[in-house]
Amino acid sequence: MADIFDVIADATRRELLHVLLERYVATDSDNGELSVGEIVEKLGLSQPTVSKHLKVLRDHGLVSVREEGQHRYYSLDASPLEELEDWIIPFLSADFDPSRIDPDDAAASPAYAAWAGAEVGQKVGRAVAETSHKAIDALHGATDVLHGATGQVSRGIRKITKR
């Protein structure tokens, strides 16, 4: 996750992501793509600067590129940010205060309104963080078991081939 923090720490890359997000959510956009030239024009940066930052974003899976001749079309891929979201949600929900909910806003969202009287912010945030932590631990444990089994198989093969 530290890599994703390093990537989005740069203001230029955040601007690039924002421009691609705007295109992605635009009603007149079919695929959310922008050419490098369009990005350069929107941000007022040089083409080499934009290309350098797009490469970093592409290397970390935050954007995808489609090549058409000599033109490159970039689109947003926010899925790597889901890990960051999972990490940050417990911090954002730690101070959840149902008394600060505007009843008009709560009425617009029945699910949110149902939570309005309960102390769910902290509980949900912590539950999500705990479950995520347990899942990561289980994955690491399974990986360790797999590596151990792989080592045993390798040793067994070496013994058999020596005979």
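The values are calculated or read from the model by the stated rules, or taken from the named source; none is laboratory data. Only a predicted model underlies this, so the values are computations on that prediction, with no experimental measurement involved. Cβ: placed from backbone, ideal geometry, glycine included. Neighbour counts: every protein chain shown.
Filtered by the rule that a residue be loosely packed, with under 13 Cβ neighbours inside 10 Å and not hydroxyl-bearing (Ser, Thr, Tyr), region 42-60 gives GLY44, GLN47, PRO48, LYS55, ASP59.
Please tell me if LEU17 is over 23 Å from TRP87 (Cα atoms) and not assigned by TED's automatic domain parsing to the domain that holds GLU85. Criteria not met by LEU17.
Has region 77-92 got any residue that is in contact with a strand residue (DSSP E or B) (Cβ under 8 Å, 6 or more places away or on another chain) and at pLDDT 80 or above? Yes, that holds for at least one residue.
For region 36-52, indicate whether the set of residues that are closer than 19 Å to HIS71 by Cα, in a helix (DSSP H, G or I) and touching a Gly at 6+ places or on another chain (Cβ under 6 Å) is non-empty. So far as region 36-52 goes, no, none of its residues is closer than 19 Å to HIS71 by Cα, in a helix (DSSP H, G or I) and touching a Gly at 6+ places or on another chain (Cβ under 6 Å). Condition check for GLN70 on (1) exposed (fewer than 10 other Cβ atoms within 10 Å of the Cβ); (2) among the polar types (S, T, N, Q); (3) modelled with pLDDT under 70: one failure, at (3). Being surrounded by fewer than 17 Cβ atoms within 10 Å (Cβ to Cβ) and not aromatic (Phe, Trp, Tyr) is not true of GLY32.
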